[in-house]
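Notes for the one structure printed next.
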Amino acid sequence: MSGKVYLVGAGPGDFRLLTLKGLDCIKEAEVLVYDRLANAEYLKLARPDAELIYVGKASSNHTMTQDEINEVLAVKAKEGKVVTRLKGGDPYVFGRGGEEGEYLLERDIPFEVVPGITSAIGGLCYAGIPITHRDYTPSFHVITGHLKDETKDRINWSALASMQGTLVFLMGLSNLNKICTNLMQNGLAESTPAAVINWATRANQKVATGTLLTIEEEVKKAGLTSPSLIVVGEVVQLRDKLNFFEKRPLFGKNIVVTRSRTQSSDLKAKLQELGANVFEIPTIEIVARQTDEIDETLNRLNDYTYVVFGSQNAVSLFFDRLYALRKDARALSNLKVVAVGSATAKVLEGYGIRSDFMPERFTQESIAELLESKLTNEDKVLMPQGSLARDILSTRLQTICQVEQLLMYDTVLNKNSKALLKEILDEETIDYITFTSSSTANNLMALLDEEYKEKVKTIKCISIGEITSKAMRNLGLEVYKEANPFTIEGLIECLCEA
Ligand code: SAH
């Protein structure tokens with residue numbers, strides 16, 4: 001029995017420039033075939049058991065030929081599998097999607113093609129260049145810049161030079177000189193605006209602008225490499241006005257986010273939205289405890305009058321266990337519920353529960369003060385939290401009433417991150433590192449050898465709050481800025497100001 005192949009346009013690079021149908025095909029795939037133009041983040045959306053096959057070229061390594069790629073698609077589909085072939089941009093815009101389709105048809109393998117946003121249009125858009133505009137151009141032309149053989153290239157340079165259309169060359173950077181020369185020799189003015197867009201729509205997008213005469217020099221100055229789009233035409237002038245993408249507050253900033261796997265995506269997504277190039281280092285990992293003590297406690301919640309959640313993870317693990325015991329939020333109906341921070345309160349709301357009190361500042365000290373004004377010696381407090389939670393709150397409350405800590409999880413060092421972190425420090429120029437807790441700071445430094453520790457000390461470090469700052473200083477890190485309020489939002493604001 002034959003499976004099926006989806007040839008999916010994965011868009012120009014920005015993660016969210018993918019169609020809903022493309023997303024479905026990724027999720028459904030048993031085999032995912034991809035190359036370097038499709039955003040690698042899509043791989044994370046695949047089923048955990050999906051086979052991932054890279055068919056692009058990695059600088060020095062062997063490149064799969066088109067025949068080999070066709071073969072991979074056919075063989076896997078013949079095994080009865082659902083195969084999704086992710087292609088940058090649109091499969092039919094210089095994507096050889098047509099050839100792949102023909103090959104599959106000859107072998108009676110069912111296939112579908114899912115169009116994508118081509119870099120020729122979407123890439124220009126993110127550089128602030130509309131491919132058409134009534135005041136400037138009556139047409140656009142997308143042309144291969146992969147000029148192998150003058151006689152066989154079949155490019156009608158004089159027609160291109162005379163039509164006043166926007167010209168977009170793909171795969172053309174190494175022939176930039178030839179392209180500009182041909183256009184000028186065929187009558188296009190030297191002063192015609194031109195742009196080259198490198199890694200369009202990605203956080204590392206870079207653009208050079210000039211004219212047919214100067215663009216080559218500008219590209220050299222800016223150090224642009226492949227993949228790049230070449231645009232020639234009057235619409236390039238609109239870039240100054242319409243460049244929304246590069247005008248975002250954190251555009252072009254390389255930011256390392258240190259946080260536990262389960263928590264970082266929120267911060268990461270927000271920073272990306274503001275334009276940052278985010279490197280996520282999961283320095284710490286949350287390992288849930290599965291003890292009889294937890295279950296036994298959850299079975300007698302009515303013994304308590306208060307439950308004080310110490311972290312977002314504590315909330316989610318608490319409810320995971322509660323549900324596993326076939327209970328729900330009603331188990332807390334006789335208790336006052338308190339969250340130690342706004343993010344924790346938000347997670348709690350996701351489970352249908354409002355925190356009874358919210359402190360003005362999010363420190364254990366301010367929560368302690370607030371609770372001290374409410375508690376009597378009749379009360380009994382349950383505190384679900386991680387094993388690294390500071391004792392200050394429980395110590396203070398214990399002077400008033402009975403307090404029990406319930407350890408929901410341990411925070412451990414994520415050893416896999418060591419290599420990743422070194423690679424980033426070696427290859428990228430990092431603008432900021434964010435620390436969202438003392439343990440992220442301690443763990444990041446614990447992952448590194450002396451040489452790399454020194455490197456980190458030269459980078460601007462942003463802290464989420466005073467306790468974290470203290471831990472950072474103890475490690476020899478200078479606190480470049482500290483969030484106020486001590487929340488993820490505060491941290492983001494702080495980065496935007498920096
Ligand atoms: N099917 C793709 C094009 C594949 S040909 C599409 O529709 O976009 C590969 C060429 O596309 C590259 O050499 C480059 O010129 C261009 N390209 C694709 N993605 C790009 C990006 N994010 N930034 C700049 N150029 C890109």
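Checked against (1) at pLDDT 95 or above; (2) away from the ligand (no atom under 16 Å from the Cβ); (3) in a helix (DSSP H, G or I), Gly22 passes all but condition (2). Restricted to segment 381-496, the set of strands (runs of 3 or more DSSP E) holding at least 1 residues that are within 18 Å of Asn313 (Cβ to Cβ) comprises 402-413, 432-435. Scanning segment 171-210 for residues that are in a helix (DSSP H, G or I), among the hydroxyl-bearing types (Ser, Thr, Tyr) and away from the ligand (no atom under 16 Å from the Cβ) yields a single hit, Thr181. So is Leu477 within 19 Å of Asn254 (Cβ to Cβ), open to solvent by less than 50 Å² (accessible area, probe 1.4 Å) and touching a Gly at 6+ places or on another chain (Cβ under 9 Å) or not? So Leu477 does not fit the description; no. Could you check, for segment 43-64, whether at least one of its residues is at pLDDT 95 or above, within 16 Å of the ligand (Cβ to nearest atom) and open to solvent by 60 Å² or more (accessible area, probe 1.4 Å)? Taking every residue of segment 43-64 in turn, none turns out to be at pLDDT 95 or above, within 16 Å of the ligand (Cβ to nearest atom) and open to solvent by 60 Å² or more (accessible area, probe 1.4 Å).
Is it fair to say Lys247 is more than 32 Å from the chain's Cα centre (by Cα) and charged (D, E, K, R)? Can you show your working first?
Working: more than 32 Å from the chain's Cα centre (by Cα): no; charged (D, E, K, R): yes.
Taking the combined requirement at face value, the residue does not satisfy it.
Restricted to segment 181-196, and to residues there that are open to solvent by less than 40 Å² (accessible area, probe 1.4 Å) and β-branched (Val, Ile, Thr), the residue that is farthest from Ser228 (Cα to Cα) is Thr192. Answer yes or no: is there a residue in segment 408-418 that is open to solvent by 50 Å² or more (accessible area, probe 1.4 Å), under 18 Å from Ile467 (Cβ atoms) and free of Cβ contacts under 8 Å to residues at least 40 places away in the same chain. No: zero hits. In the set Lys81, Lys148, Lys76, only one residue is open to solvent by 40 Å² or more (accessible area, probe 1.4 Å), at pLDDT 95 or above and out of contact with any helix residue (DSSP H, G or I) (no Cβ under 9 Å at 6 or more places or on another chain); that residue is Lys81.
Here the condition is being within 16 Å of Ser119 (Cα to Cα) and open to solvent by 70 Å² or more (accessible area, probe 1.4 Å); of Lys206, Lys178, it holds for Lys206 alone. Criterion applied to Glu112, Glu68 was being away from the ligand (no atom under 12 Å from the Cβ), open to solvent by 10 Å² or more (accessible area, probe 1.4 Å) and either farther than 13 Å from Val8 by Cβ or at pLDDT below 95 (or both), and the one residue passing it is Glu68. Within the bounds of segment 291-309, is there any residue that is under 26 Å from Met445 (Cβ atoms) and either open to solvent by 10 Å² or more (accessible area, probe 1.4 Å) or among the small types (Gly, Ala, Ser) (or both)? The answer is no; no qualifying residue exists. Checked against (1) closer than 28 Å to Arg321 by Cα; (2) open to solvent by less than 20 Å² (accessible area, probe 1.4 Å), Ile255 meets all criteria but (1). Lys346 falls short on exactly one of the conditions (1) modelled with pLDDT of 90 or more; (2) surrounded by fewer than 21 Cβ atoms within 10 Å (Cβ to Cβ); (3) under 19 Å from Leu407 (Cα atoms), and that condition is (3).
Report, by residue number, each residue of segment 422-444 that is of a type in the set (A, V, I, L, M, F, W, C) and in contact with a helix residue (DSSP H, G or I) (Cβ under 6 Å, 6 or more places away or on another chain). Explain how you work it out, then say what you get.
We begin by selecting, within segment 422-444, every residue of a type in the set (A, V, I, L, M, F, W, C); these are 424-425, 430, 433, 435, 441, 444.
Across segment 422-444, the qualifying residues are Leu425, Phe435, Ala441.
Restricting segment 122-145 to residues that are open to solvent by 40 Å² or more (accessible area, probe 1.4 Å) and within 31 Å of the chain's Cα centre (by Cα) leaves a set whose member that is farthest from the ligand (Cβ to nearest atom) is Thr132.
Apart from one condition, Lys470 fits all of (1) open to solvent by 40 Å² or more (accessible area, probe 1.4 Å); (2) modelled with pLDDT under 95; the exception is (2). Applying the set (1) open to solvent by 80 Å² or more (accessible area, probe 1.4 Å); (2) within 16 Å of the ligand (Cβ to nearest atom) to Asp14 leaves exactly one unmet item: (1).
Exactly one residue among Leu160, Leu167, Leu213 is more than 10 Å from the ligand (Cβ to nearest atom), open to solvent by less than 10 Å² (accessible area, probe 1.4 Å) and among the aliphatic types (A, V, I, L, M), and that residue is Leu167. List the residue pairs whose Cβ atoms are under 8 Å apart, where the first residue sits in segment 457-477 and is more than 14 Å from Leu495 (Cβ to Cβ), the second is open to solvent by 60 Å² or more (accessible area, probe 1.4 Å) and not acidic (Asp, Glu), and the two are 6 or more positions apart or on different chains. Short answer, once both residue conditions are applied: Ile467/Arg390; Ala471/Asn442; Leu475/Asn442; Gly476/Lys457; Leu477/Lys457.
Scanning segment 88-103 for residues that are closer than 30 Å to Glu30 by Cβ, away from the ligand (no atom under 16 Å from the Cβ) and assigned by TED's automatic domain parsing to the domain that holds Asn39 turns up at least one hit. Only one of the numbered conditions (1) within 29 Å of the chain's Cα centre (by Cα); (2) within 29 Å of Ala40 (Cβ to Cβ) is violated by Asp240, and that is (2). A search for C-beta distances below 8 Å between a residue of segment 103-117 that is in contact (Cβ under 8 Å) with a residue 24 or more places away in the chain and any residue that is open to solvent by 60 Å² or more (accessible area, probe 1.4 Å) and within 16 Å of the ligand (Cβ to nearest atom), counting only pairs 6+ apart in sequence or on different chains, returns Val113/Tyr92; Pro115/Tyr92.
The values are calculated or read from the model by the stated rules, or taken from the named source; none is laboratory data. If you're wondering where the values come from, they're calculated on a predicted model, not measured in any experiment. Cβ: placed from backbone, ideal geometry, glycine included. Neighbour counts: every protein chain shown. These area figures cover heavy atoms from the full protein model, side chains too; ligands, DNA and RNA do not enter into them. Shrake-Rupley method; radii C 1.70, N 1.55, O 1.52, S 1.80 Å.
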